[in-house]
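I have placed the structure first, in the form of structure tokens, so that the comments after it can refer back to it.
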Amino acid sequence: MGSEHVDVGRFAECFEDAARRSGFELDAAQVRVVDRLAQLSAEISRWRGLFARQPRGVYVWGPVGRGKSWLMNVFYETVPTDKKHRVHFHDFFRQFHTAYSRHRKKRRAVDFAVEELLDRCRLLCFDEFHVHDSGDAMLISRLFTSLFEKKITLLATSNYPPSGLLPNPIYHHLFVPMIEKIERTMDVVELAGPRDYRGRSWSGEPRSRFETGVYVWPGTDEQLRDVGLEVPAEEETTVLDVGDRRIRALAARGDLVWFDFFELCDTARSAADYLILIGRFTTWVVSGLPRFEQVGRDAQQRFSNVVDILCDKDVRLFLVAAAPLDEVLRGDGLPIDIGRIASRLSLLSAVSPGESGRSRRRAADRW
């Protein structure tokens, strides 16, 4: 496919071919999104510089498991430009916050941070865009304003419509001007429907390294050995440096790291800490996962961040829990993204009482 012209029909066929290779067919709602993405691709192929009419961005939202990230990935691989950048919003905002801190004494600190991170970028793809924190909301507003002013076209996926961003009623009004700007500058497309495409492929085989992970409860020594894990000895406990902080691991064996839930999620940790650790370890074990009703909201949210980051970075995860998945993720005041977390954890194989690692099923099956 050349950069001079995009055949919209042929572009849509790329999605159909990719869906067949993944073992499913596009449903009607997905086809509508594909049609809009094909139009965006055609506009990008005709775009000639900053003084030409900028392609209008697209904001795709819908429930978990509808294929939003998958559609973005196929679009990104196919769209005919090299001035593009795709990133998980969680990861990008961490990078942006760091860059902003380097320039914060300058008058146009946000613009300098954007230029540092997105030099020459004309198409930015944000996966899983969300705004929950009131402190982050104002910086995100300034970030988006800078992106719009620099004529960077946005494609964003989200579990929330623009009106559902920063849902806390105490702070929501502060973000309304940015919500209105998103709605003015981007086409908002809902990807509705009941089907959750995060299930495994029709062959039953995992499609990513993350999906090769296992959810084990209650985590007897025999169960752990059957899934290839050896309980850490006391002398394996080690302290890892994470930036200017430290974290205690029950074991660090090559590319495998083993954490206790409370050390990982019930102490002051940031998403940046987890991202640093992922750069060093590609297999994670988190043991002692309790029922959410037994821990505070901060610990619940940090665990949600861990799952999001591990899934996005395609890290293998072993979870050793106190109860079945649906009992763990139960309680009042759960994180706002708990549906997405449950969907992602349901991709893991499961080993429950009376079962060994040779007798697995998905973590959500029969529960």
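The values are calculated or read from the model by the stated rules, or taken from the named source; none is laboratory data. The structure displayed is predicted, hence computed values, not measured ones. Neighbour counts run over all protein chains shown; Cβ positions are idealised from the backbone, glycine included.
Remarks
- Subset of segment 276-331 (residues that are part of a helix (DSSP H, G or I) and either of a type in the set (D, E, K, R) or in contact with a Cys (Cβ under 7 Å, 6 or more places away or on another chain) (or both)): Glu293, Arg297, Asp298, Ala299, Arg302, Phe303, Val306, Asp308, Asp312, Asp326, Glu327
- Any hit, segment 152-173, residues being aromatic (Phe, Trp, Tyr) and assigned to a helix (DSSP H, G or I): no
- The lone exception for Arg280 - which of (1) in contact with a helix residue (DSSP H, G or I) (Cβ under 8 Å, 6 or more places away or on another chain); (2) surrounded by fewer than 17 Cβ atoms within 10 Å (Cβ to Cβ); (3) at pLDDT below 95 it fails: (1)
- The number of residues in segment 95-143 being part of a helix (DSSP H, G or I), more than 15 Å from Met178 (Cβ to Cβ) and not charged (D, E, K, R) comes to 13.
- Hey, Gln223 under 19 Å from the mean Cα position of the chain (by Cα) and closer than 19 Å to Ala323 by Cα or not: no
- Filter pass, Leu317 being under 21 Å from the mean Cα position of the chain (by Cα), closer than 22 Å to Asp221 by Cβ and modelled with pLDDT of 90 or more: yes
- Subset of segment 224-261 that is assigned to a helix (DSSP H, G or I) and surrounded by 17 or more Cβ atoms within 10 Å (Cβ to Cβ) - its residue that is modelled with the highest pLDDT: Phe261
- Breaking point among (1) closer than 30 Å to Arg20 by Cα; (2) modelled with pLDDT under 95; (3) touching a strand residue (DSSP E or B) at 6+ places or on another chain (Cβ under 8 Å), for Asp187: (2)
- Residue that is surrounded by fewer than 17 Cβ atoms within 10 Å (Cβ to Cβ), among the charged types (D, E, K, R) and at pLDDT below 95, where the choices are Asp221, Asp273: Asp221
- Considering each residue of segment 54-73 in turn, none proves to be closer than 26 Å to Glu190 by Cβ, part of a loop (DSSP other than H, G, I, E, B), out of contact with any Lys or Arg (no Cβ under 7 Å at 6 or more places or on another chain) and free of Cβ contacts under 8 Å to residues at least 12 places away in the same chain.
- Looking only at residues of segment 7-43 that are free of Cβ contacts under 8 Å to residues at least 12 places away in the same chain and either crowded, with 17+ Cβ neighbours inside 10 Å or touching a Ser or Thr at 6+ places or on another chain (Cβ under 6 Å) (or both), we find that the one that is farthest from Glu77 (Cα to Cα) is Leu26.
- Once segment 328-337 is narrowed to residues that are surrounded by fewer than 16 Cβ atoms within 10 Å (Cβ to Cβ) and free of Cβ contacts under 8 Å to residues at least 40 places away in the same chain, the residue that is farthest from the chain's Cα centre (by Cα) is Asp332.
- For segment 94-112, the count of residues that are modelled with pLDDT under 90 and in contact with a His (Cβ under 7 Å, 6 or more places away or on another chain) is zero.
- Applying the criterion of being closer than 14 Å to Arg86 by Cβ and touching a residue at least 60 places away in the same chain (Cβ under 8 Å) to the residues of segment 130-156, the residue that is surrounded by the fewest Cβ atoms within 10 Å (Cβ to Cβ) is Leu154.
- Flag if Leu264 is in contact with a Phe, Trp or Tyr (Cβ under 9 Å, 6 or more places away or on another chain), under 29 Å from Leu166 (Cα atoms), at pLDDT below 90 and of a type outside the set (Ser, Thr, Tyr): no
- Candidate set: segment 291-312, residues that are of a type in the set (Lys, Arg) and touching an Asp or Glu at 6+ places or on another chain (Cβ under 8 Å); chosen: the one surrounded by the fewest Cβ atoms within 10 Å (Cβ to Cβ): Arg291
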